[in-house]
Amino acid sequence: MGSMGNRKALEMVRSMPRVSFVNIRDNPGSKKQKKIRGQGGSRGGESGRGRSGKSKRDTRPPIGYEGGTTPFYLRIPMFPFYKNFATRRQYLPVSLEKLQHLIDMGRIDPEEPIDVTSFVHAGAVRINVFDRVYGIHLTDEGADKFVAPVNLEVQWTSELSIAAVERSGGTISLGYYDPQSLDILSHPLQFFRRGQPIPKRLLPPKDLVDMYTDPSKRGYLSDPNQIKEDRLLLAQKFGYELPDLTKGSRRALHRLRKDPRQIFFGLQPGWIINLTDRAVLKPVDAELQEFYRA
Amino acid sequence: MALFARTLSNAVSRYVLPKYDAILSSQLQAIQTRSLPIVWSSTTWHQEFYNSKTDLVDESEERTKYLESKEDFKYVERLIPSLEVPEPPKHDSYPTPSGWSPPKGSPEGLPYHVRRTRYHSHPVSIQQKHGGNQIWTIVKNVDGDIWTFGNKLLEHLEEVKGAEVGMTINEYAKRVFYKGVFKDDVIKWLENEGF
């Protein structure tokens, strides 16, 4: 493109005669000679395969063969680097810097609770549950610049991110969504168009129970009193003053939490959404109600 | 209970509860018999709802009752995404905590102008090719005299680098390419110019 050598080349070309088929040719090595059998001049006869031997008769040993000694690729013992790789859970990263930017630009509303839907609608992530994505990972890049007081729900985070959010006067919690629920949460309009009842959100599997019941990680299944204690400890650890969430206009916002079986705020499992009539249909049958409340 | 459990097992396949089938078939009938204004793009129902062979609805069975609530629809409205990029709200001071500021406005008589992107950010990006061996800083949306703009910014970047910087201008696409990583420097320069 525009480097020093090319500039000089362009200057040279300006002083040269017009380019035509008479004075151009292919670069050396761009056109490879084909093998020709029989009398094909210089490329005929043996067709570039040489005299008798394994190279002529296509009986060479496989790649990596070392003349009989154990080849390198068989000497090294196998290690399962990629075992179960396809089944591992993915959490798509969103940094605190990105979240602050989205709030500044008005693409995420800090006056409403922020969850996976907010990030997807703001264009920060694209969730496809068939890629084994289990939610959002809030990374701590931009923790110094983060100042927005938010009610946040993600699926993975670090201690520093929790501290950054709580220092700004917000709350953060970790909530588990099984793949079906996460798909519904990330693409709510497409789900409502199906006319299916909102399903119950499943509880986390065994290997994730420890994380979601841990108050130091702000798991949604942990004891709120222990979370309160942990907020104080974290403030002491990182050296900031913990804002009082019981006072102020945002009091109600910070108290909002979803039920473990609930996917959307304000909408319960078992309800059907009627988009054309702009109504919500709720079952009256006792058995159904009992099932969806379980 | 086993019947209800099957409902949850598979979101994609049709659910088996005959009572919920009844609600939907009545809904479908209602939609088919009247013409409705289309609020969102046409409602697409799952393919299997139209399949009469697997229809498990027993017409003689009593249909389950349900309550209709228009007040709770406000929770649904919150979940409908906006199709337009919102205008950034007014802040008390700039730059915002994340480092964004709106265009100050360039002085009159400047022969070029660099428009912001539809997301209100500067049109500067990094392009990497050949596994990172070739890195270019690209400035898009350059209206007006692109050569003056390109050369002026090139002067500044050569000062920053302390050596020659390669530049390519694509007049038709209104883009300028600089060889190297200069994203932050270019953004600062553009903000100083008032873009």
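Quick note: the coordinates plus some simple rules give every number you see, no bench work behind them. Since this is a predicted model, take the numbers as computed values, not measurements. For neighbour counting, all protein chains shown are included, and Cβ atoms are generated from backbone atoms with ideal geometry for every residue, glycine included.
Structure data summary
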| quantity | calculated |
| --- | --- |
| Global form of the stretch A:77-167, assessed from the alpha-carbon gyration tensor, a/c cut-off 1.5 | prolate |
| Charge tally in the Cβ shell below 13 Å around A:F146, where Lys, Arg are +1 and Asp, Glu are -1, A:F146 excluded | -3 |
| Hz values of 3J(HN,Hα) by residue in the stretch B:84-93 - Karplus curve (6.51, -1.76, 1.60), Gly and Pro given as x | 10, 6, x, 6, x, x, 7, 9, 6, 9 |
| Shielding of A:138-147 by partner chains, average beta-carbon count, 10 Å | 1 |
| Ranking of A:H187, B:H122, B:H113 by count of other Cβ atoms within 10 Å, fewest first | B:H113, A:H187, B:H122 |
| Per DSSP, loop GluC sites (Glu not before Pro) in the stretch B:74-113 with at most 11 further Cβ within 10 Å | B:E84, B:E108 |
| Nearest 10 degrees, 0 to 90: helix A:4-15 Cα axis against chain A principal axis | 50 degrees |
| Cα gyration tensor, the stretch B:112-193 - rounded (a/c under 1.5), prolate or oblate | rounded |
| Alpha carbon centroid spacing (whole Å) that separates the stretch A:58-75 from the stretch A:136-179 | 54 Å |
| Ranked A:T157, B:T168, B:T117, A:T69, criterion: other C-beta atoms within 10 Å, fewest first | A:T69, B:T117, B:T168, A:T157 |
| Per DSSP, loop chymotrypsin sites (Phe, Trp or Tyr not before Pro) in the stretch A:77-114 with at most 12 further Cβ within 10 Å | A:F81, A:Y82 |
| Stretchable slack from B:H156 to B:S106, in nm (0.36 nm times residue separation minus alpha-carbon distance) | 16.2 nm |
| From the C-alpha gyration tensor of the stretch A:137-294, square roots of 5λ in Å | 33, 17, 15 |
| Share antiparallel - DSSP beta bridges, the protein assembly as shown, percent rounded to 5 | 65 percent |
| Amide H contacts of A:G45 (H built 1.01 Å from N, under 5 Å, at least 5 apart or other chain) | A:G38, A:Q39, A:G40 |
| Label-point separation, A:M16 to B:S121 (7 Å along Cα→Cβ), nm | 4.3 nm |
| Nearby aspartates and glutamates by direct alpha-carbon distance to A:K206 (threshold 17 angstrom, same-chain neighbours under 8 apart not counted) | A:D178, A:D214 |
| Point-charge dipole on Cβ atoms (K/R +1, D/E -1) for the protein assembly as shown, about Cα centre, debye to 20 | 3140 debye |
| Length added when fully stretched, A:K237-A:N128, from 0.36 nm per residue minus Cα-Cα | 35.5 nm |
| Part-to-part distance (alpha-carbon centres) for the stretch B:88-118 and the stretch A:190-234, which is given in Å | 41 Å |
| Sites A:L189 and A:E290, calculated FRET efficiency, Cβ-Cβ separation with R0 35 Å, nearest 0.05 | 0.75 |
| Derived scalar couplings ³J(HN,Hα) [the stretch A:81-88; Karplus, 6.51 cos²θ - 1.76 cosθ + 1.60; whole Hz; x for Gly, Pro] | 4, 10, 5, 6, 4, 6, 9, 6 |
| 5 angstrom amide H check on A:W271, placed H, neighbours 5+ away | A:I198 |
| FRET efficiency for A:R57 and B:Q134, using Cβ-Cβ distance with R0 set to 35 Å, rounded to 0.05 | 0.20 |
| For the protein assembly as shown, alpha-carbon Rg and Dmax in angstrom | 31.9, 96 |
| The stretch B:112-193, relative contact order [Cα under 8 Å, separation at least 6], % | 31 percent |
| 10 Å Cβ shell holding at most 13 others, DSSP loop, GluC sites (Glu not before Pro): longest site-free stretch of chain A | A:112-240 |
| Per-residue [θ]222 nm for chain A (sum of -39500 (n - 2.57) over DSSP H runs n ≥ 4, rounded to 500) | -8500 deg cm²/dmol |
| On Cα atoms only, tilt of A:224-238 relative to the major axis of chain A in degrees | 60 degrees |
| B:K65 versus B:A163: modelled label distance in nm, points set 7 Å from Cα along the beta carbon direction | 8.3 nm |
